[in-house]
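Enquirer: The following block contains the structure, expressed as structure tokens.
The values are calculated or read from the model by the stated rules, or taken from the named source; none is laboratory data. All values reported here derive from a predicted model rather than from experimental measurement. Every residue, glycine among them, receives a Cβ derived from its backbone with ideal geometry; neighbour counts consider all protein chains shown.
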Amino acid sequence: MLKQFALKLDRALLAACGVFAKLGSLFLMVIMLVTVCDVVLRRFRSGVPGAVEIVEYAMALVAFLSIGYIQASKRNITTALLYDRLPAPCRAFIDVVGSLAVLALYGALTYATVLQTAYLFRVKETSSVLGIPKYPFVGATALGFGLLSAVLLADFLVVLAKLGSKDDRG
């Protein structure tokens with residue numbers, strides 16, 4: 001029952017993370033457009049004012065809106081040179097401890113970025129050149145970390161469900 005719930009949660013999170021990853025891809029196009037315009041305009045007179053700020057903020061959106069999708073789609077880089085040779089109980093222990101540690105880390109990062117977003121909103125901090133408020137971008141970072149944390153929770157539930165089943169492969 002736990003495994004079924006975890007797999008359904010994983011599928012739902014994959015869909016949600018996919019939407020945000022596509023949104024991140026749109027910001028990648030913004031980066032390309034701003035960069036091309038900046039280069040072309042520098043040829044004639046001066047570049048796009050605040051192009052560096054726009055690219056910096058858009059890059060944060062590209063990275064953090066997509067981070068949950070990478071984990072949900074299981075496309076992250078893994079190394080299993082030693083892991084595959086360990087006995088099943090050792091692998092299970094590593095899976096539980098590793099999943100729990102990563103979940104705790106990204107849960108803490110999510111909490112910290114939510115607090116930072118609230119702080120930046122309160123103090124109304126803006127960028128130096130264009131005066132763009134910083135809190136939406138830190139908020140997007142918190143959203144990305146939150147989605148990643150939710151995916152890691154689903155992964156942890158799958159690991160726990162594997163412990164309860166007789167089949168080691170899940």
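Enquirer: Here is a check on your reading of the model: is Arg45 under 29 Å from Gly164 (Cβ atoms) and at pLDDT below 95?
Expert: no
Enquirer: For segment 1-38, which residues satisfy the criterion of being among the basic types (Lys, Arg) and surrounded by 15 or more Cβ atoms within 10 Å (Cβ to Cβ)?
Expert: Lys3
A quick yes/no check of all residues on (1) modelled with pLDDT of 95 or more; (2) out of contact with any Asp or Glu (no Cβ under 7 Å at 6 or more places or on another chain); (3) farther than 28 Å from Leu148 by Cβ; (4) not in a loop (DSSP other than H, G, I, E, B):
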residue	(1), (2), (3), (4)
Gln4	no, yes, no, yes
Arg11	no, yes, no, yes
Met29	yes, yes, no, yes
Val34	yes, yes, no, yes
Pro49	no, yes, yes, no
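Enquirer: Next question. Please tell me if Leu41 is over 26 Å from Val138 (Cβ atoms), surrounded by fewer than 15 Cβ atoms within 10 Å (Cβ to Cβ) and of a type outside the set (Phe, Trp, Tyr).
Expert: yes
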